[in-house]
Amino acid sequence: MHKKYPLYKQATQQWQKAADFFELDRDVRTILSEPKNEISINFPVRMDNHELRLFRGHRIQHNNILGPFKGGIRFHPQVDHDEVKALAVWMTFKCALVGLPFGGAKGGVTVDPRELSSGELMRLTRRFTHALGNNIGPEYDIPAPDAGTNAKTMAIIMDTFMNAQNTTNRNAQRHVVTGKTLTVGGSLGREKATGQGLVYVLSSWAKENNFDLSKCTFSVQGYGNVGYHAANILEKMGASMIAVQDHTGSIFNPDGISTEDLKNFNLSGNPIVEFENCEVIEDHEFLGLPVDVLIPAALEGQIHEENAGKIQAKVVAEGANGPTTIEGENILKDKGITILPDLLANSGGVTVSYFEWTQNKTSSQWPLEEVDRKLKIIMDQAYAQTSQICKEMKTDFRTASYIVALRRISYAYQERGIFP
């Protein structure tokens, strides 16, 4: 990860650039300049060898003017306070952009989950949830999966939180997390939601620019949940994935790489660099490959001033949060490359999380077709509003998406006022 400057600084510069465009009210700007709550916790976990190990976790609650705090929890060795703070800011604006009744939050624990046994991981998750206590809640702050966590992690968080409530009220707490397994209240379509939403946004851009996605080539950086599902959906539309990069290396095949076969190969514990009929290339070559669409779906800061100049794609669709630094973005814009920003392109995940939260509150489950239909409506609307601002104010997609979000937040403060 490229971290020449704090990630929170990048997030702040992005939204304040948009705030300058339409002269955001100074009081609202002041409120948004810092998170509402910042929680850091050191908590012990009993390891399999019976030794205690101390872990550090964070939960940053940025803003809740539009609704309960909402944001993922990640388990990753690079998690730190600055990163979680930036991610919480992005969640505030992401939820506002797509019109969800949520605010923004984020959480994380500094740990490599691949180094822990399943038992250690369960105990870590339960201890962190217990330590957070009432700092999360189904109508207050609702976590979801992120890097290093999954539906199983959410089920454990839910169970831990529910068992801390009184007996008669436990089942009313089921929507304390989203992104759960279907068995314990998850939503159909949640697993593919971020990738599905990205493809909806990419399709809207393609339609507006007379670009044929069915004949395009694309590369994916990060072949986890977001990268795989976006790739798989594009492949079913006729597009061809010709390159993939993850933490084990980079592969290339100009004739195309099967998204499903690569996923199954990877799930079997094999590194992607051993996948058949592919050329193993150097990591620094990956971004420079001639593709139509580049999907960075790994971690933040991957496209920066030292490598952005190599990119030849027509459009970069950001599946990850903050994958492009400000310097990297300026280089891409100078090259005429369109960036579909994270705020817009990867908001499908939190949107279907909202659907899950709503289903839990009403003890219902929607069919997949209804989830996809509702998601498409919201993503299409968000794209249309963002694209309109781009044209009206002659600005880029990222700035336009922040303007749409900031206007919603600003209107809420104007109508509600500041208490007391």
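The values are calculated or read from the model by the stated rules, or taken from the named source; none is laboratory data. These numbers come from a predicted model, not from an experiment. FYI the Cβ positions are ideal-geometry reconstructions off the backbone, even for glycines, and counts take in every protein chain you see.
Only a single criterion out of (1) within 27 Å of TYR140 (Cβ to Cβ); (2) in a helix (DSSP H, G or I); (3) within 22 Å of the chain's Cα centre (by Cα); (4) of a type outside the set (Gly, Ala, Ser) is not satisfied by GLU327, namely (1). Residues of the stretch 14-36 that are crowded, with 16+ Cβ neighbours inside 10 Å and either under 20 Å from ASN134 (Cα atoms) or of a type in the set (Ser, Thr, Tyr) (or both): PRO35, LYS36.
The condition (being farther than 20 Å from PRO145 by Cα, polar (S, T, N, Q) and outside the structural domain of HIS229 (by TED's automatic domain parsing)) is satisfied by just one residue among THR399, THR358: THR399. Please tell me if GLN61 is under 24 Å from THR125 (Cα atoms), touching a residue at least 12 places away in the same chain (Cβ under 8 Å) and assigned to a loop (DSSP other than H, G, I, E, B). No, not satisfied. Would you check if VAL89 is surrounded by 24 or more Cβ atoms within 10 Å (Cβ to Cβ), at pLDDT 95 or above and more than 25 Å from GLN13 (Cβ to Cβ)? So VAL89 does not fit the description; no.
Within the stretch 137-168, if we keep just the residues that are within 24 Å of the chain's Cα centre (by Cα) and assigned to a loop (DSSP other than H, G, I, E, B), the residue that is nearest to ILE73 (Cα to Cα) turns out to be ASP146. Here is a check on your reading of the model: is LEU332 within 27 Å of ASP20 (Cβ to Cβ) and either among the charged types (D, E, K, R) or buried (at least 24 other Cβ atoms within 10 Å of the Cβ) (or both)? No, not satisfied. For beta carbons closer than 8 Å, sequence separation of 6+ or different chains, a first residue in the stretch 207-225 that is at positive phi and a second that is among the charged types (D, E, K, R) and surrounded by 17 or more Cβ atoms within 10 Å (Cβ to Cβ), the qualifying pairs are GLY222/ASP246. The residue pairs whose first member lies in the stretch 272-285 and is without any contact (Cβ under 8 Å) to a residue 40 or more places away in the chain and assigned to a helix (DSSP H, G or I), whose second member is surrounded by 15 or more Cβ atoms within 10 Å (Cβ to Cβ) and of a type in the set (Gly, Ala, Ser), and whose beta carbons are closer than 6 Å, counting only pairs six or more residues apart or on different chains, are VAL273/GLY249; ASP283/SER250.
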